[in-house]
Structure formats: structure tokens, C-alpha cells
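Report on the following structure.
Bear in mind that the values in this text are calculations on the coordinates, not laboratory data. Since this is a predicted model, take the numbers as computed values, not measurements. Reconstructed Cβ throughout: ideal geometry from the backbone, glycine too, with neighbour counts over all protein chains shown.
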Amino acid sequence: MKGQDNEMGTNRRVAVLATLAVLILVGCGGPGPAGANSGTSGGIHNPSDGRGGTLRYANSGDWDSLDPADTYYAYSWNFARLYGRSLVMFKSAPGAQGATLVPDLAESLGRSSNDAKTWTYTLRPGVRFEDGTPVTSRDVKYAVERSLDKATFPNGPTYFNDVLDLHGYTSPYADPDPDKLGLRAIETPDDRTIVFHLRKAFSGFDYLAQTPATMPVPRAKDTGSKYKEHVVSTGPYLFQTNELAKRFTMVRNPQWDAATDPNRRPLPDGITVDLNVNADDVDNRLLSGDLDVSIEGSGVGPSAQGRVLGYQARRANTDSASVARLWFTALNSDVAPLNNVHCRKAVLYATDRAGYQRAYGGPTGGEIATNMLPPVIPGAQRFDLYPSPKHLGDIAKAKDELVQCGAPGGFATSISYRAERPKEKATAEALQQSLARAGINLEIKPYPLADYLRLYAGKPDFAKANNLGLIVYGWGADWPDGYGFLSQIVDSRVIRPTGGNSNLGIRDPAIDQMLDQALVTTDAVARQQIWVNIDRKVMEDAFALPGVWAKGLLYRPPNLTNVFISDGFQMYDYLALGTTRR
Amino acid sequence: MGIYIVRRMIAAVWLLLIVTAATFVVFFLVPRLAGATPDDLASRYAGRTASPEVIHQIAIKLGFTDPIWVQYGRFVKGLVLGADYSTGPTTVHCPAPCLGYSFLTQNPVLPDLLDRLPVTMSLAAGGALIWLLAGVSTGVISALHRGSVFDRAAMGVALAGVSLPIFFTGLLALSVFSYWLGITAPGGSYTPINENPLHWAYDLLLPWITLAFLYAAGYARLTRAGMLDTMGEDFIRTARAKGLPERTVVLRHGLRAALTPILTIFGIDLGLLLGGAILTESTYSLPGIGKYSVDAVVNNDLPKVLGVVLVGSMFIIVANLVVDLLYAVVDPRVRYQ
Amino acid sequence: MSPLLEVRDLRVHFPTEDGVVKAVDGLSLQLERGRRLGIVGESGSGKSAAALAIMGLHQPGTARISGEIWLDSTESGRADLVRAGAEQVRKLRGRTMAMIFQDPLSALHPYYTVGHQIVEAYRLHHDVSKQRAYRHAVELLDRVGIPQSGSRVDDYPHQFSGGMRQRVMIAMMLSCNPDLLIADEPTTALDVTVQAQILDLIRDLPAAVLVISHDLGVVAELADDILVMYAGRAVEYGPASDVFAAPQHPYTWGLLGSMPRWDRTRSQRLAPIPGTPPSLINIPPGCPFHPRCRYAELTGGQATSVRPELRPAGSPEHLVACHLPNPRRAQILADEIRPTL
Ligand SMILES: Nc1ncnc2c1ncn2[C@@H]1O[C@H](COP(=O)(O)OP(=O)(O)OP(=O)(O)O)[C@@H](O)[C@H]1O
Ligand code: SF4
Ligand SMILES: [Mg+2]
């Protein structure tokens, strides 16, 4: 899933599969340690059963799509549970509990056979579309089929394209079968049974069954790329009005039956969502009580933070959500003299990490990161191989490393950042200042965000030719999981010479080997240790300069009830929210 | 007059062709010079986990694999004859003038634009009216009482108006008037005029004033200078010699003449208003062309960019034409040439 | 019965950064109903400043005006315009006193038809319908000699020639039948044949006329009386026939000497007054003309110390401000001046 920032680059099939494999293992490994969000906000604020009122959301951008086949934002998956029922879902519960899977449209989690290559689900009886038509397994199959058509639904993830045994199947819209159900990889032996056949064993298939792609779609109502104008609901709310890119409203779905749904206790009678609202205005409205939820879940913007934290009454209504995201700067081992580990270490020693944190808004923006894995990820450990008082940097040690590197007087290189991001600009400038103390001189080079990875910093020959020794970047995981977080940024085998890479210059066969080892390690604790080892190896070899483990400052207006942060989405759980405003 | 308008229209068509062609060149040629392949371009619209095959499929679907002039030809053809697009299960016809479908959201561009046009027009019309009235009257009073407290205060405020950015004045106004005092509509409010004209005006009042503030300042200064010049003219002395009351002298004789150059500037400003509208619409979250164009550019969404470019050029062309025609009405010396 | 216009000791001073410009500095004159007074003088002698003061057209704040301007209007009786309220003076403008200016193009509003501009003045003072006012405008244009006045009433000023524009100006100012018409350089911007026509037009008006010009020829054609102005004051004032037949002031002699005449040769013709007009900020003490006067020494030092007052010379109505004793003046006139005129 995406957070509000598009951190993940273009994916490689192998990597996704690997990621999922491990994710699943985590899920099955029993309850992990309490999430980083449980300590401060594991409880429920304003618990309530009070029904009624209208919950008002606003989005500072546009939705990628409301179509369950075509959406890939964390907030969108969180929200989609209000109008659609996938086979399986993240539990609506606070903290680490919110990252566990529970059956939704299905009666139980998936039953696997054939060495986890075949997965079977039985649908609950009595579930209906908003028009009263009963939901059958064919509607789920059709939904997954259409989600495979990435030319029509480019935004959604490609998990099913990657794991299903497609036999060349591309899209129901190009399907000669009169019922458009020609995909052999999914069988529907009866109205309530659906069977998935995978290319190869995949023990974590329930995580895929959790994506909105398994929310049933009635073929008769499918209008392809126009379906997002009216998605047919199976959840507790249905779309009343929908003005694309402006706003939509939802009301209770009379066909939704609580008897078929143990997971949802919908409180408000209605929901409104305004789109493309000025971000500062969102914050203002939130604080003035004209709005209930800023839907992206990324927290209060910089200009409103002071007004939130400056008042005791408001400060009490905030939650700091730890996010599985790291803001960091890659040290490109392709570019001399950073091909020498000592020169890289010199950079790590010379860095003023407190300045890095300031660039991201200080403690509200996140904690100072001393290693790669964000603490919210199960099993992650904190350590600091380059300590300095108050994180201000150790210039003596830096100079020492420079001598060992053969550059006693320092050296010059370039630092790139995404031009549209003021925080990254501030980072580059802060680094320029702090490294200059050790004689390391940085030339600052901004590049456009849209093509940062494809054409500039993420293209090895460009980065080398332009002497990009330091590359400012950030990375978030789809789910809080170590392997999923690390593989795309440290595996040297995913680096493509044509560009589009998110591994910005970490090339170490030992790390690659450890990643492969983690894939086959079934014991959760042992696997978590491997991630920590990789983390440690990256830091020992000084391949990256960790900056900030991100946090979001969430504000909940006093009228909001049943508020909690779930580790599954690392933001408020939208299924649970209610309001006292009538 | 008729021939004149027709000639202008033909020139306008040429201009639109050139402007859209230039947009194409910037969009396709510049990235290509930077080394981007059609697939690279397509990957912008392909979602994050798209495989190279999917990206290529999208490149073909969007037509990126064709030479640039073929793509441009297709765009012009769509404008003139319309075009067909696949939504997946069916094909829909996009009637002429078809501006195509967004690369990103796959929404048709023209209906979106037409849907948003009234918002921007409402914003522009109301804003322009207010800034004309406020700016010109302030300028007149300032000129007549040169050096007075009013004059100095007004010119000070005018200076602030030209130098303060819209998102600052806009958000400040929202905080104070909408959220604190609660007397104006909150951000994001818009009611179409045909639904409820009063509500329409109420919702747009603050955006109007914000937009007007920026321009009124300039007009106040311009009017003041123009009035000071005009009031020294011989015909003003004549008007006084006839015994006209000072009000008539100032408004019907002085202002009438001073307004002509202001009209020229007004035409230019109205044409370029899209710039101010972008900021105002973003600040107030109004669903107009301005906000749309920001999204279009940020997302590299060519069909939307082209649509906005067309509308923007049309704004300028029409505003200039209207001003030229108005000029002939206002200044008889132009009319009889 | 009192004269239509009586100006007493009028002063128009402009405070400027360099000092106070004394454009008019003690001017007195009288104009009887139906008569025409010509004011002549070099450029900058204060003619326009005086006329604008009478009309009340100086911008408040720029000019300091003192003295008395008595206008005896048929409607509202006799009033001192210097002391009257601005509103009262405004109501007299157009109705009782009117003024035409030197440049008829810039004096007409470029954006309104001439008909509109005439009607505007007329309807301001007369409660009549638009149609009637337009008929009146057409009649006026006809009267001032504009052909096809019926259609030309809808034309704009730039569509008329210079002479025609001045006719329009006159028509506009005549629309209310004023008692007093001030014509400030009415023909200066026009060519010679047209000049004559405009002068004929003005001569046939029923109103009393104050005609201003630096051209003695123009004044000679029109005026019953003549006032010669120098440095903001009258230096010679009397019936036109007397002033032309027996000019008394050395400055007037200079003016007449520099007047172009068909029977003079070029060398005889242009005998300009030596020197330049005086600074109006520091007006020369004594007789302001003395730095340029050939006869200054003949006054026994008085010329540089005592400012000469108007006093009769030649005839009782013929006044002159000059220290030269009358016999001496008569002798100079006879010996030196008359042969060159
Ligand atoms: N508003 C003013 N402020 C300052 N000085 C002025 C103003 N108006 C006129 N003057 C000065 O007063 C003097 C007399 O000007 P006026 O226009 O009365 O001369 P004039 O006799 O009409 O000359 P001309 O034949 O050139 O029209 C001039 O020196 C002029 O510069
Ligand atoms: S008073 Fe003297 S100086 Fe003045 S005009 Fe008469 S003769 Fe000349
Ligand atoms: Mg003059």
C-alpha cells in the first residue's frame, strides 16, 4: 500500500512475491510484540455505541480511485471496508491487534491444500449487494478477474497478476467466455465456494484476500473505468452521490445485514468526503470543528502544528502515530570516493542528525533514526554505530575516517533531492552545512519528483555521471514488516540499469544472501533476527544515512468517538469511528 | 465589424493550434531528449507495481509508441471529428470537440472542464467586478484628495495588496471570517448560480474579495495616476466652465477618459486571470479550472494540460477581443478610423 | 446701473516651491453690458489667470485669490465672486458667464458627441426634454455656421476641423445665452481666414465679451475698450480708438511696433520689445517694465523705486501707469512712435 507519499518504486515481480511470502509468515507467527502505536494510543478514545450523525472527511488530494480494483492507498483500503467486503480483512481493533486478519465475506480464513498452492474460501450466506441481489462466488471471481486488467485499472497492486496461475488470461473484457468467467485459476464450484490456484506455493494468500480486489463486483453493473462513478456496495454504506474529484456522500446501505457481519458496528448515519481540499484548509476546518477526519491519515500539516501543540486542550486531542517509514539518504557506492567505506563512514560521523530531524519538523515529524528498520516493525531493534553527543555529529571521528579513506582534507560530491519537497531541500541544505565541518563539500542538485527514480537519481549511469554521492529519499512498507521494508532498498539484484530503482547504490552480496535466507526461514523470531542483521550490515558498511523514523501528528476533534490507531494502517481505523454531532 | 471578428477568429484558431502543438513538444520531446522512452512516459500512468509488459501495454493504449506528429494529428482529429475510447467492457464515443481522456483518472476532459468552467467564470466575474469597483473608486478618491490621510492609507493598503500572496491573505481571511467569526462560507463551498444565486454569492464572497484584493491594489494606483493626468486636461476645465457639478465633472468627464487605459490593462488581466484563479481556487478548494490545471500539471496529465491550455488561450483571446470591441465603444476615435 | 463686471484690485498668487508667483497683482477693470473689452499682453502677463479667477476655475488650494470681482447677473443680482461660495459661482458658470479657450480640440471631450456636450450644458440650466435640448443644439450649431448641423450634432470633436471645433465651443457656451463671454485666445490656434470668421461670430454676439489675446490685431477687430497688461497689472486702459490712435505706455508702443502689418517691410515690421518678461516671483521694484524701457531714465529715478498708478493721459477715460510726464509722453509719441505705426 502507499502511504500519502509514493515511496515504493516500480515493483519487480520476484520481489513482491518474496515480500508477501514473508509478510504472511509474520501474520501466522502469532501475536507479535505490541506495535509502536499501542503504547501511546493502544486504547480507544471516546469509546461509544452511539449511532447517528454524519461523519465528515476531507482529502487534500484526489482519490486514486474508489473502484476496488484500482486503488492502492492505505487510507483508501482502510476506508473501502465501509462500502465493500473482501474475503478477509484487517481487524478493526487498536494497536497490534489491528494488524491481524479476520474473515469478512468468507466464513473463515483461507483453507490451503496442495502445499499452499490452492486456497479455498466459503462465502457467508445472506450477503447482498445494495440492490438486493445476493452475492455469489462468481461476483468475487469476476472482481479479481477485472483487477488483473492493468490497462483499465492501472492504480491497483499487481499481486494477483503475480501469484495466480493465469495461463495467459489478461482481462474479462477480452474474455471469449460468455459469462466473462474464463479464468481457469479461479474456480467457483457453487455459489458460496471460491478456489484460487496459484503458480507456486504461497502461504500468505490471506493477505491478498484482504485487498479490495476481492470485494465482489456485479458484472451487470460493471462499466470498466467508469465503475468508480458508482461502485455497488456490499458494506454498511452505499454511495448516495459521487462527484468525481469533488465530493461524495454515503448513507446506510439497507441491504447490509449485521447478522452476516461480525466485524462492523457502523455508527454514523451518513458520511461525506470532500476531495481536493486545500491542505491548510483541511487543518483549519479540523481545528474549528467543521471537519471530523483528515482522511489521508498523514497528520496535521506544518503550518497548523503550532496551533495544535500550542494549546493544552488541543494537544490532549492528538495522537502521534508511528509509521513504518524511514526518511534517509543513500550513500551511493558507485560514486568515488564513496566507493571507499571509510569515506562513507566519515559522512555518517559528520552528520548532524538533529538537523536532519529539524528538516522534517522536529520531534513531531519523527524520531531521529540511528538505523534502518522503523521501530513499528515487529522485531526491529534500535542501535547506533555512529554515536555522537546529542546526535550533533563527531567531527574528530569523521576526520579520522577521512584519513583512512585517503582524503584527509575531505572531498567534494553532489547531493540530490526531489525538487517539489521542501523537507528534502532542507535536508540537503542541513547536510551541506554539517558535512562541511569535516571538509566534505556538497553540491546540491534538485530533480523533478515525477522522474526522480526513472530518469535521475534512480538511474545508475545518470547518478554516476552526475556524481550523485548522496541521494535524499524515503521509504515506507506496504505493511509493517521487515522484509517488505528492506528488500526494495538493499537487494542489489533489483537494480536495473534502465532506471526506476529504489535501491540507490547498496551493492553487497552478503546482504543479498541474507535476504534469500530469510525467505526460507519459517521461524518468526529467527527471521526477525535476520532483518536486524541486515540492518546492522547496512549500517556497518555505511551504505545509508538514516534520518528520521516518520511519525504523523493526528488530531481528533472532540466530537469524534471510538477513535484508535490500528497498526494495520497506522492511522485511525475508519470502520470504527462515530460522532456525537447530531 | 463582422469581418473583423471573423478575421480575429481565424487568427485565434491558428494560435490555438500553435499553442497545443507547443504543449505536445514540451510534453513529449523534452523528456525524450532527457532519454525517456515511450514506456518511461507510460510508467507515470501505470501504477506503482506495474510490470514492464503492463507498462508497454499502457504505452500502446495511450498511443505513446506513435511518432509525435501522429499523436498530435489524433488530438486535432478528436477535436474536429470526435474519437472513440475503451472503458474496458465497452467503447464510448467522445463527440467533437473531443479533448480526450485523462491519462491518470480516465475521465473525459471536456465535461470536466465544462463542469469547472462556471466556477472559474463566477470567481473571475465577481472578482473582476469587485476589483474594478473597489480599485477604481479608491483611485478616484485618492486622486481627488491627493496627499490626504485617505490617499496615503489607501496607497499603503494597495501596496500590501500587490505584495501579499493570495494563499496568505486567503487563509487569513478564511480563519478570521469563516472559522472565527463565522460570517462567511468555509473553504470548499460552492453553489452553482442557477441553483441559488444568493448562496452562490455568499459562498464566493471571500474568494472574490481575496482575488480582488490582489488586483484592486494595482487598479487603485493606476486609476489614481490616470485621474491625476486627466483632471488636468483642458476638457475638464471646459466641463467646469459649463457649470457642471464637480461630481459630474469627475465621474462623467474625468473618469470616463481615465478609464480607457485601465480597460486595456483589464483585458490583459482578465485573460491572464487563470493565474490568480489557480491560487485562489487552491486556497479556497474551489472546484474550478485553476485547481484542475494544478493537478494536470503536477500529474503530467497531457490531455488535461491540453484542455487547460486551450481554455487558458481562449480566455486570453476572448478577453482581448472583447476589450478591442469595448475600446471601439468607449473611444470614438478608434471607431472611426 | 452698475457695470456687468467690475474687478477691483484682483490678485492671483500661486504659492510654489520657488516662491509666490504673482500672476495677477492688483488688476482692476470694468465691463458694461453689451460691450467688449480686450486684454492684451505678452505671454505670462497673467491674462488667463485673471480670466480663470473671474470664472472661479482656479483649483482650490493652488491659487490664492484676493480683491473683488463683482458680477451683476440678471438672475441672481450683484455678487462678489471672490467671497461667494463655490456652489454659487458654479451656478453662474455656463448660465451667466461662459468661457471659450485657445485649443478647441483639447477643450472638447473626445468621447462625447458635440451634441451631447452642448445638451449637457443646456439641460443643466434649463429643465427641458432631451429632444428639445438637441433641437436647441442643432439651432446653435446652425447659428455658429456649421453646415448640416442636423447630422453633425452626432459627430465627435475629432471629426471637425479646427475652426469648426471653435464654433462648436462657442455654440456650447452660447447655449444658455450668458451675459458675459470670456474668450481666451479664441483664434490663436486657427489659421488666418478662419480667424476672421470666428471674430465675426464673436462680434455679433449679444453678450458682453472679455476677449484675451497677445495679438493686438485680434483685439483691434473686436474690442470697444482695451486693457494692456504687464506683470499682472494694467499698464494702459482706455477706449480702443484712443489706445490705437494715441497709445500712451512705452510697453504699448512696443506691442504696436511689433505688430505685423501688410504695409511694412520685413525689417520695419519686427521690432520686438527688448529683453524678456519679468519674473513674477520677484517683480522688479518701481515700474515693473523699467528693465526693458528705453525711457526709464527720463523719469528721474522714479521708475526704479515707485510703482506707477493708472492715471488719465490724453483723455479722461484713457489711463496709463507710467511716470513720464504727459507733455514728454506726447512729444515722444509724436516724434518717435507715430511715424513707425
Ligand atoms: N497653477 C499655477 N501654478 C503656478 N503658476 C501658475 C499657475 N497658473 C499660471 N501660473 C503662472 O502664472 C503666470 C501667468 O500665467 P497666465 O496663464 O495667466 O499667462 P497668460 O497671460 O495667459 O499667457 P499666455 O499668453 O501664454 O496664455 C505664468 O508665469 C504662469 O507660469
Ligand atoms: S514708468 Fe518709466 S520705466 Fe515705466 S514705462 Fe514709464 S517710462 Fe518706462
Ligand atoms: Mg493664457
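For the stretch C:1-90, the set of trypsin sites (Lys or Arg not before Pro) satisfying both a DSSP loop assignment and a count of at most 14 other C-beta atoms within 10 Å is given as C:Arg83.
With the Cα gyration tensor of the stretch C:233-340 giving a ≥ b ≥ c as the square roots of its eigenvalues, does the rule (a/c under 1.5 for rounded; else a/b larger than b/c for prolate; else oblate) give rounded, prolate or oblate? Don't skip to the answer; put the middle values down first.
Values: a/c = 1.70, a/b = 1.23, b/c = 1.37.
Note, shape of the stretch C:233-340 comes out oblate.
So which aspartates and glutamates pass the test for A:Lys445, namely a Cα distance under 12 Å, with those fewer than 8 places away in the same chain ruled out? Hits, sequence-local ones excluded: A:Glu424, A:Glu429. Legend: ranking of residues A:Val231, A:Val308 from fewest to most surrounding C-beta atoms inside 10 Å; resulting order A:Val308, A:Val231.
Where the alpha-carbon atoms of chain B are placed on the principal axes, they occupy 83, 56, 42 Å, in descending order. Maximal additional length on extending the B:Arg7-B:Ile265 stretch stands at 90.6 nm, based on 0.36 nm per residue less the C-alpha distance.
With 31 Å as the limit on Cα-Cα distance, the pairs of A:Lys91/A:Lys180; A:Lys228/A:Lys425; A:Lys200/A:Lys226; A:Lys425/A:Lys459 that go past it are A:Lys91/A:Lys180; A:Lys228/A:Lys425; A:Lys200/A:Lys226. Among the GluC sites (Glu not before Pro) found in the stretch C:70-158, those both in a DSSP coil and sparsely packed, with 13 or fewer other Cβ atoms within 10 Å of their Cβ, are C:Glu75. Suppose we flag chymotrypsin sites (Phe, Trp or Tyr not before Pro) only when DSSP calls them loop and at most 14 other Cβ atoms lie within 10 Å. Which is the longest uninterrupted stretch of chain A? That would be A:1-310. Within a straight-line Cα-Cα reach of under 22 Å, A:Lys390 can be paired with the following lysines, leaving aside sequence neighbours fewer than 8 residues apart in one chain: A:Lys345, A:Lys399, A:Lys423, A:Lys551. Taking amide H as placed 1.01 Å from N in the peptide plane, C:Val209 has its amide H under 5 Å from the amide H of C:Arg35, C:Arg36, C:Leu37, C:Leu181, each at least 5 places away in sequence or on another chain. Using alpha-carbon positions, what is the distance between the centroids of the stretch A:518-578 and the stretch A:454-472, in Å? Result: 28 Å between the Cα centres. For C:Lys22, the aspartates and glutamates whose Cα comes closer than 18 Å to its Cα, not counting residues fewer than 8 places off in the same chain, are C:Asp9, C:Glu42, C:Glu68, C:Glu309.
Computing FRET efficiency as 1/(1 + (r/R0)^6) for B:Val294 and B:Val330, where r is the C-beta to C-beta distance and R0 is 41 Å, gives about 0.70. From the largest down, the stretch C:127-264 spans 55, 33, 24 angstrom on the principal axes of its Cα atoms. Distances between every pair of Cα atoms in the protein assembly as shown, grouped in 20 Å steps from 0 to the bin holding the largest one, split as 9, 28, 24, 14, 15, 8, 1, 0 percent. Going by Cα centres, the stretch B:300-321 and the stretch A:81-99 are how many Å apart? The stretch B:300-321 and the stretch A:81-99 have Cα centres spaced 45 Å from each other.
Extending 7 Å from Cα along the Cβ direction at C:Ser258 and again at C:Glu68 yields two label points whose distance is 3.5 nm. Centre-to-centre, using Cα atoms only, the stretch A:188-247 and the stretch B:79-111 are separated by 25 Å. Summed over all non-identical Cα pairs, the Kirkwood treatment of the stretch C:1-155 gives a radius of 17.6 Å. Once backbone amide H atoms are built at 1.01 Å from N, C:Leu10 has C:Gly26, C:Leu27, C:Ser28, C:Glu68 as its partners under 5 Å, excluding neighbours fewer than 5 places away on the same chain. Taking the charge dipole of the protein assembly as shown about its Cα centre, with +1 at Lys and Arg Cβ atoms and -1 at Asp and Glu Cβ atoms, the residue from A:His230, A:Ala304, A:Thr158 reaching farthest to the positive side is A:Ala304.
Ignoring solvent entirely, what values of log10 I(q)/I(0) come out of the Debye formula for the stretch C:145-226 at 0.12, 0.22, 0.23 Å⁻¹ when each Cα is a single scatterer? The computed values of log10 I(q)/I(0) come out as -0.35, -1.10, -1.18.
Simple spin-label estimate for A:Asn559 and C:Glu139 gives 7.6 nm between the two label positions (7 Å along the Cα-to-Cβ direction from each Cα).
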